[in-house]
Amino acid sequence: MFLALLLAGSTPSDPLQSAFRAAHRDYSAQLTDKFAETTADPSVIGQRFKFVGRLHNGQVTGAPPSDAWYSYDDGKLRLSFNPRDNYADVGISGPKYMVGIIGGARKPTRSYVGSNAYGLSARVQVERLEENGLAMLERPEGEVSPPSKYSTPMPPSIAARLPPEPKDRYWVEYTLPGPQAKRLARDAGLVVEGTIAALADGKLSYCEGTYIDPKIDNPLEIYGSECWIGAKVSRIAFIRMSTGEVLKEWTAPAGQAGPCNC
């Protein structure tokens, strides 16, 4: 009876987050022992997932790993999710995926005093970085890259001869005074829904090492791993975390924009 009550009250594990944990664990183990046991469970392939996470400030350093952020310039608040093309191999010979980082962990581990060839020294902070990415085998059509205030508009005669820009970015922009923009930015979240899928080689995940060496003007050493889980994404959205209100969404095959009662 007690066991039944315990099982009834337990929270089911998130198949996507479990897959990420196993992928990082297996990658770390197999760096030192190629015969290490594989713990990633391929039975999660085909299962539905729903990721919900907050956006971080894209204008500061040291933020948690994510391709979803907010920025505020000239009275305009922009919410962005910017996946990028990546090859699952050394160079450009492997399968290419549109990968969006949706989370992970960034933890300080130790520090030491380092010096360069010129005798300059600095205390170096060492951080371990684990990044969780979705290799999107399918995804809703997004938007073209937003205009930059630093870019020069292209003459229409030249633009007409170029291929159309890819619609591989997800963003929405609001013109708001600072206090309102701040409230919305801190309440904004990203939603990604879909189905876990196998990668081109039939495996559940792909991992690669990360290393960024320290510099005198930036004494930070970062090491770790980036792991991708295959996914067929059916919905991407920005929401208010406090209420669940949809700010804008993209769904397969077509997306609809929601109102923003800012």
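Taking residue 161 as the residue in question, decide whether it is free of Cβ contacts under 8 Å to residues at least 40 places away in the same chain, farther than 27 Å from residue 63 by Cα and either out of contact with any strand residue (DSSP E or B) (no Cβ under 6 Å at 6 or more places or on another chain) or not acidic (Asp, Glu) (or both).
Working: free of Cβ contacts under 8 Å to residues at least 40 places away in the same chain: yes; farther than 27 Å from residue 63 by Cα: yes; either out of contact with any strand residue (DSSP E or B) (no Cβ under 6 Å at 6 or more places or on another chain) or not acidic (Asp, Glu) (or both): yes.
Yes: the conditions hold for residue 161.
Residue-by-condition table, conditions (1) basic (Lys, Arg); (2) at pLDDT below 95:
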| site | (1), (2) |
| --- | --- |
| 177 | no, no |
| 184 | no, no |
| 187 | no, no |
| 190 | no, no |
| 193 | no, no |
| 196 | no, no |
| 203 | yes, yes |
| 212 | no, yes |
| 215 | yes, yes |
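So residue 224 ticks every box in (1) assigned to a strand (DSSP E or B); (2) of a type in the set (Gly, Ala, Ser); (3) out of contact with any strand residue (DSSP E or B) (no Cβ under 6 Å at 6 or more places or on another chain) but one. Which box is left unticked?
(3)
Every residue in segment 127-166 that is among the hydrophobic types (A, V, I, L, M, F, W, C) and more than 17 Å from the chain's Cα centre (by Cα), please. Show your work before the answer.
Keep residues of segment 127-166 that are among the hydrophobic types (A, V, I, L, M, F, W, C), which gives 129, 134-137, 144, 154, 158-160, 162.
Answer for segment 127-166, where residues must be among the hydrophobic types (A, V, I, L, M, F, W, C) and more than 17 Å from the chain's Cα centre (by Cα): 144, 154, 158, 159, 160, 162.
Just to verify a result, which residue in segment 37-70, among those that are within 16 Å of the chain's Cα centre (by Cα) and small (Gly, Ala, Ser), is surrounded by the most Cβ atoms within 10 Å (Cβ to Cβ)?
Result: 68.
If residue 88 satisfies all but one of (1) under 30 Å from residue 187 (Cβ atoms); (2) within 22 Å of the chain's Cα centre (by Cα), what's the number of the condition it fails?
All conditions are met except number (1).
So which of 236, 158 ends up being outside any loop (DSSP other than H, G, I, E, B) and modelled with pLDDT under 90? First the steps, then the outcome.
Values: 236 fails: modelled with pLDDT under 90.
158 is the lone residue from the list that is outside any loop (DSSP other than H, G, I, E, B) and modelled with pLDDT under 90.
Is it fair to say residue 245 is out of contact with any helix residue (DSSP H, G or I) (no Cβ under 8 Å at 6 or more places or on another chain), within 23 Å of residue 39 (Cα to Cα) and either at pLDDT below 95 or surrounded by fewer than 18 Cβ atoms within 10 Å (Cβ to Cβ) (or both)? Please lay out each step first, then the result.
Working: out of contact with any helix residue (DSSP H, G or I) (no Cβ under 8 Å at 6 or more places or on another chain): yes; within 23 Å of residue 39 (Cα to Cα): no; either at pLDDT below 95 or surrounded by fewer than 18 Cβ atoms within 10 Å (Cβ to Cβ) (or both): yes.
Here the answer is no, as residue 245 does not meet what is asked.
Could you tell me which of the residues 105, 88 is at pLDDT below 95 and buried (at least 17 other Cβ atoms within 10 Å of the Cβ)?
Working: 105 fails: buried (at least 17 other Cβ atoms within 10 Å of the Cβ).
Within the list 105, 88, the selection yields 88.
Residue pairs, Cβ under 6 Å, 6 or more apart or interchain, first in segment 61-89 and within 21 Å of residue 142 (Cβ to Cβ), second polar (S, T, N, Q) and surrounded by 15 or more Cβ atoms within 10 Å (Cβ to Cβ). List them.
Qualifying pairs under 6 Å: 67/82; 69/80; 78/71.
Please find, among 113, 124, 172, the residue that is surrounded by 13 or more Cβ atoms within 10 Å (Cβ to Cβ) and more than 19 Å from the chain's Cα centre (by Cα). Full working, then the answer.
Values: 113 fails: surrounded by 13 or more Cβ atoms within 10 Å (Cβ to Cβ); 172 fails: more than 19 Å from the chain's Cα centre (by Cα).
Checking each option against the conditions leaves just 124.
(1) surrounded by 15 or more Cβ atoms within 10 Å (Cβ to Cβ); (2) part of a helix (DSSP H, G or I): which one isn't true of residue 180, the others all being true?
With (1) surrounded by 15 or more Cβ atoms within 10 Å (Cβ to Cβ); (2) part of a helix (DSSP H, G or I) applied to residue 180, the lone miss is (1).
Out of all the residues in segment 15-36, which are of a type in the set (S, T, N, Q) and surrounded by 14 or more Cβ atoms within 10 Å (Cβ to Cβ)? Let's see the steps before the verdict.
In the first step, residues of segment 15-36 are kept if they are of a type in the set (S, T, N, Q); the result is 17-18, 28, 30, 32.
Passing the criteria: 17, 18, 28, 30.
Which one is nearest to residue 68 (Cα to Cα) among residues in segment 189-206 that are surrounded by fewer than 21 Cβ atoms within 10 Å (Cβ to Cβ) and hydrophobic (A, V, I, L, M, F, W, C)?
Restricting to residues being surrounded by fewer than 21 Cβ atoms within 10 Å (Cβ to Cβ) and hydrophobic (A, V, I, L, M, F, W, C), the top hit is 191.
Which of the residues that make up segment 31-67 are within 29 Å of residue 186 (Cβ to Cβ), of a type in the set (A, V, I, L, M) and modelled with pLDDT of 95 or more?
52, 55
The values are calculated or read from the model by the stated rules, or taken from the named source; none is laboratory data. Not measured: the values here are computed from a predicted model. A quick note on method: Cβ atoms are made from the backbone with ideal geometry, for glycine too, and the neighbour counts reach across all protein chains shown.
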